[in-house]
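The values are calculated or read from the model by the stated rules, or taken from the named source; none is laboratory data. No experiment lies behind these values; they were computed from the predicted model shown. Please note: Cβ atoms are built from the backbone with ideal geometry, for glycine as well, and neighbour counts cover all protein chains shown.
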Amino acid sequence: MAANAKVIITCAVTGAIHTPSMSPHLPVTPDDIAAAAIGAAEAGAAIVHLHARDPETGRPDQSPEAFGRFLSRIKQSTNAVINLTTGGAPFMTVAERVKPAETFKPEVASLNMGSMNFGLFPMLGRFKNFKHDWEPQALENSRDLVFRNTFKDIEFVLGRLDGAGTRFEFECYDTSHLYNLSHFLERGLVKPPLFVQTVFGILGGIGPHPEDVMHMKRTADRLFGDQYRWSVLGAGRNQLPIAAQAAAMGGNVRVGLEDSLWAGPGKLAESNAQQVRAVRQIIEGLGLSVATPDEAREILSLKGGDKVGF
């Protein structure tokens, strides 16, 4: 993979992993999510990756109506590329998960490239007090949770967005997911340049060791050559160390409260923008430059913000 002249920062502002009781700074309401995305873009994120939540309970909400409450506000306030999840939450069906992207036809949508165990239950040992009954139950249920992303499911998402001009952030949590992506490339169902987001540190996926990062990059290099753009996502306290390693190796980075609640040992991040500023400092400290949204569009061959459905 040829190193990009610019480093793309993606910010995933809320996600479906962390629950509201874990941090008072986790965006929950449409106002929270819009403000978080705009702040992240102002801090240097070229792409904002979005989930929606029920504003009363903070539970993940994958209805198009939930996304519609903040999408236009973000688009009107920033030039950032808007990336909508098709992962939703592990307990949702693929038909539920794809609906927002199918409705709004964003420039980018995430796409998980394989099924996996998705263990969130260790967080029960770190967080004891919950505002909502669903929070500890969701964490406990992950002991027996398979996050389903079968070949049929992946084909379903690709088919639903066919013709929309939406490109994908291919989320790969383990080596097999890279091979699954290679399978779809060989069949002509996905087109380069592939935006490959390798995910480290989720229980059930590949670990966060520097050798794991190297292994995933070596495998992607061998499978995709110059047909992909590499990015990394480190979960929890692994966020910035893995971002630093990848940036030094010519990769792109993802941060945000979806992936980590922290700004340092025992210190909660007060905003998504704080994490963007921290990773930007690392990137620029390495003598690299941060991509603007339009530069990210060029690097990833995106259709442009004027061609979305919102």
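Here is how the numbers come out for the structure above:
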read-out	value
Cβ-Cβ under 7 Å pairs, at least 6 apart or on other chains, region 47-61 side over 24 Å from residue 78 (Cα atoms) and in contact (Cβ under 8 Å) with a residue 24 or more places away in the chain, far side part of a loop (DSSP other than H, G, I, E, B) and β-branched (Val, Ile, Thr)	58/19; 58/28
Sole exception among (1) assigned to a helix (DSSP H, G or I); (2) buried (at least 21 other Cβ atoms within 10 Å of the Cβ) for residue 253, by number	(1)
Close pairs from region 297-310: first under 18 Å from residue 100 (Cα atoms), partner among the polar types (S, T, N, Q) and assigned to a helix (DSSP H, G or I), Cβ under 7 Å, at least 6 apart	309/103; 310/72
Set 157, 190: member being within 19 Å of residue 49 (Cα to Cα), among the β-branched types (Val, Ile, Thr), modelled with pLDDT of 95 or more and in contact with a helix residue (DSSP H, G or I) (Cβ under 8 Å, 6 or more places away or on another chain)	157
Sole residue being of a type in the set (A, V, I, L, M) and outside any strand (DSSP E or B), chosen from 199, 157	157
Region 32-56, subset among the charged types (D, E, K, R) and assigned to a loop (DSSP other than H, G, I, E, B), residue surrounded by the most Cβ atoms within 10 Å (Cβ to Cβ)	54
Residue satisfying all of: in region 225-250; of a type in the set (S, T, N, Q) and surrounded by 24 or more Cβ atoms within 10 Å (Cβ to Cβ); farthest from the chain's Cα centre (by Cα) among these	239
